[in-house]
Structures are given as C-alpha cells and as structure tokens.
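Below: the structure, in structure tokens.
The values are calculated or read from the model by the stated rules, or taken from the named source; none is laboratory data. These numbers were taken from a predicted model, which means no experiment stands behind them. Cβ sites come from the backbone with ideal geometry, for glycine too, and all protein chains shown count toward neighbours.
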Amino acid sequence: MSAETSVTGTAGSTTAVRDFILPDLGEGLTEAELISWLVDVGDEVHVDQMVVEVESAKSVVELPSPFAGRIKALHASAGDTVSAGQALLSVAEAGADSSADAKSNLDDDSAGGGANLIGYGTSEPKARSTKKRSFGAQSEPPTAAQPAPTEQVSPQPSAATFPAPEAASTTASDTGVSPVSSPIVRKLAKDHGISAKHLPGTGPSGVVTRADVLSAIASGPGITSGRTASVPAGTSNTTRTGTDDLPGTTSAGEAAAASVDAGNRDTRTPITGLRKVVSERLTKSRQEIPEATIWLDVDATELLNTKRALEARTGEKYSLLSLVARFVVAGLKKFPIINSTIDTEANEIVTHGDINLGLAAQTPRGLMVPVVHGADQMGLRALRDSVSETVGKAPTGKFSSQELTGGTFTLNNYGVFGVDGSAPIINLPEVAMLGLGRIKERPWAVDGELTVRKVMFLSFVFDHRACDGAEPSRFLTFVADCIENPISLLPEL
C-alpha cells in the first residue's frame, strides 16, 4: 500500500514520492511495534527488499518494499507503535515516466506485490545488510544549489538538527496540523491532559512520538493542554535493550510506556500489544465458559525411570514434556470430545479430526501458545523433535502467525516455575487444557508400604458446554495411568 505525490523541478524532471503504508494486520489487529529499520535515509531499495521489522500481537515479521527508489524519510523510530494505514517511510524515484511506472508497480497486486502483512512479494528476499545502522532520522548528502521547485519535499533532518521546542510549537500552531503521526500517541497524551501538538517532537521532521509524550507525563503537571514543554533538542527515542531477551523481564514497549505519577510512587503501564490481546482473550474465556477443574496427584517415578532407560538405549535425549505430550495425544484419540472447539456463532461443538497440540510458553513478549500441527500423525521421535523446536523458540518469542493458530488442545507445563498446581484458564475457542505441576519427592504408599516417590500434580480444566464430568475424568485418569506405568501405553501405539 502506498500514497503517491509528484514533485516537479525546474529542469522538467518528475520525482514520484511514495509513502509505504503499514498494511492491514488481519485478525482484528490494528497496531504493531516497530522493532528495527533495515534501511537508512538515502539508501536505494528495490522491489521486495526487506525494509522494516515490526512486531504485532501475533508475531514478528519483516516487511518488503512494494516499489523501488531512494529512501526519502523514515516516519517512525524503533520502539514506536505504528497503526495500520500509517506511513512507515517515503521513497522518491526520479525520471520522466517514474510516476506511471510506480502506479503500475503498486496497483498490480495480482503479480505478487500486494500489501499483505506476511509473505507478500514477487521474489526471494535479499540478504540483510550486516552494516550497523542508526535507527534515528538521517539527512541526505548535500547537493549543489538549484532554483526552487514549484513544490519541495523537505529533506529528513538529522538527530542533531531537530527543531528547537519553540520552533516545533510555532509550526503546530501556525498550520493547525498536529505533528503527531500516530493516533495512539495523541490518545496517550489526551488521556493525561496533554496537547500533543504543543509538545516538541524528537521524531523525523519534528514528529511527536510516544517517547515525547511519556517524557512530558513524567515531568509532572507542568505540561498541560496548550502549553509547551522544554525538552532538549536531539533527545533520542526509546529503543530496545538487552533485557528484552531475558524471560521474566519487562519488554521494551512496556518499559517505554511505564510512567510515574508525579504525586506518588505508583507506576502506570499501558496495556498494549500482546499483553492487551492476552488480557482480552482470558477475560472473554472467564466470562463465556462455564469451566470446571479436576486434578490428580500422580506418581511419576516410573516415568523418570523410563526416560533414563530410553535415553540409555537410544543415545538420544527425550524431555519429560515430549513424553507426556505423547500420552496426551493418545488420550485425545481415545476421548475425541476433548479435542474440540466451540463455534459460538453457529452454536455448535466442533470435534476435530486432527490433533494440533498447543504448548503454553512464557516468552519475553508475554504468554504465547505455539502449536504443533498434526501431532496425531507423529511418532514419538517426530513429536519429540517438534516439541523441542517449539520450546526452543520461546526465549525469543518469534513465532510465525501459522505457528500461533489452529490449536485444538493446550498443554501447560507450569511446573517449570516451581509450583505444584493451578486452575488454568481455557484457551479459547478450545474446550480443555491440561496443566503439569512440578515433580517433587513426597511420601507415597506403594503395595501397602510407605515410601518416597517422585510425585507430580495434574490439573485439568474443561468447558461444561462441550462435555460433562465423565469424559474429562476418564481422559485425566488415562494420562495419569500412562505417567505411572508408561508401558501401559504400548497397546495404544
């Protein structure tokens, strides 16, 4: 997607300036966070060249340019929130017939250059440049003086030459147009009683960014509607830090959004991005589903012995999660109603023929449920490899949209956090979820004798609209039996 303008110079040449618009994100998503630029102002780009990396609530993707030319301006910085329909960058191409070429290049979506968020383009993506880039705005190289054109596209100012606060305020009041590119930034300012258009902008061409608004909020009640804040020129925008890669730490977007109320020690963090999606889905799950939870204490001693014997015999590694996943798949085949979803619009229970096993994962982006598709068609080795590959991506949280959709049942291993049990919330539109607690030595009766065994806690939550207590209880006891006596699964294989 793009917007196009033409600038005509005195020499008669025509420069087509095109804005690359963030396309529709799909699945009800309207915003994304800009992770990094893969190009700089002044760079030449070709069609399908990857130019920017963005993170939606679903996945992290690189977007290719749908046209060729020279980068004229970057309209957002790393860490900024951008909305569907917002211009990401501008590209200029000089030539007598560049405008016609551009229109042909942009309108022919059927050729593969359409404005889809994921997987669009007409050629294989080129390798990313390894040179270090500054993600702030940059100036173009100086050129020889020329007569003033009839209309001029302003060059991108450098970080060191952003307009002074007074100049930015004057520009906004003179033109009556807010220098804020994002409606989300304007809303954030409005919610705190601040007029965004009166703030000095540190973004490209003096654009007010979210970081500017947050700085004004943090400075206290001195920044109100119609007043100008004093912010040093050249203040950099918020960027990601190394803590983004550490589980359990605050993400860059959340850290940038956190603001301290001047009147007390409270911290306010806007609920945005993935956190907003998770919040909405879990709230809807609690509101819609008449759920019930059942649980069992299970002796996992034989499961651990079987794991060690299997690894010694094959020389390969097997995780306990992959072994339990195999038991779960067998249980879903035996009790297919558990492998269902609810179609609320049609008022129907959809029992699925395929088993797509979701694995709840804590990532730096938040809670995500990547899916192992076709788990029922896999043997133990294939399932083990798929589970291992999926879990291996959790530290980055970079799952594709396909990996995050289509699940029919979810397995949640919260034992890794050192807790015994939980009452998990069902992952809509599925009808059930199995939770695994930690394995701990406990006193246990075996053949009438008290001994110490490795015991784990299973909790199972199900949707009463899909089934009553019989099938969930049988499913849970089947999985528990497999854990206590893994050889009992052999007849099911």
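For the reader, a short list of remarks on this structure follows.
- Candidates VAL431, VAL479: the one that is within 19 Å of LEU304 (Cα to Cα) and touching a residue at least 60 places away in the same chain (Cβ under 8 Å) is VAL479.
- Within region 396-414, residues that are in contact (Cβ under 8 Å) with a residue 40 or more places away in the chain and closer than 19 Å to VAL60 by Cβ have Cβ atoms under 7 Å from residues that are of a type in the set (A, V, I, L, M) and surrounded by fewer than 17 Cβ atoms within 10 Å (Cβ to Cβ) in these pairs: SER401/ILE118, counting only partners at least 6 apart in sequence or on another chain.
- Failed item, numbered, when GLU302 is tested on (1) touching a Pro at 6+ places or on another chain (Cβ under 7 Å); (2) closer than 22 Å to LYS284 by Cβ; (3) surrounded by fewer than 20 Cβ atoms within 10 Å (Cβ to Cβ): (2)
- Being surrounded by fewer than 21 Cβ atoms within 10 Å (Cβ to Cβ) and at negative phi is a property that does not hold for ASP447.
- For region 329-375, a residue qualifies if it is charged (D, E, K, R), farther than 20 Å from LEU436 by Cβ and not in a strand (DSSP E or B), and the qualifying residues are GLU345, ASP354, ARG365.
Here is a yes/no grid of residues against (1) at pLDDT 95 or above; (2) assigned by TED's automatic domain parsing to the domain that holds THR314; (3) under 27 Å from LYS284 (Cα atoms):
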{"residue": "GLY392", "(1), (2), (3)": "no, yes, no"}
{"residue": "SER401", "(1), (2), (3)": "no, yes, yes"}
{"residue": "THR405", "(1), (2), (3)": "no, yes, yes"}
{"residue": "ASN413", "(1), (2), (3)": "no, yes, yes"}
{"residue": "SER422", "(1), (2), (3)": "no, yes, yes"}
{"residue": "ILE425", "(1), (2), (3)": "no, yes, yes"}
{"residue": "MET433", "(1), (2), (3)": "yes, yes, yes"}
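- Taking the criterion of being loosely packed, with under 15 Cβ neighbours inside 10 Å and either touching a strand residue (DSSP E or B) at 6+ places or on another chain (Cβ under 9 Å) or under 29 Å from ALA470 (Cβ atoms) (or both), the only residue of region 306-333 that qualifies is LYS333.
- Restricting region 369-417 to residues that are within 19 Å of the chain's Cα centre (by Cα) and among the hydroxyl-bearing types (Ser, Thr, Tyr) leaves a set whose member that is surrounded by the fewest Cβ atoms within 10 Å (Cβ to Cβ) is THR396.
- Residue in region 444-459 that is under 30 Å from PRO290 (Cβ atoms), in the same structural domain as LEU332 (by TED's automatic domain parsing), touching a Ser or Thr at 6+ places or on another chain (Cβ under 8 Å) and not acidic (Asp, Glu) present: yes
- Conditions (1) touching an Asp or Glu at 6+ places or on another chain (Cβ under 9 Å); (2) exposed (fewer than 15 other Cβ atoms within 10 Å of the Cβ): number failed by ARG438: (2)
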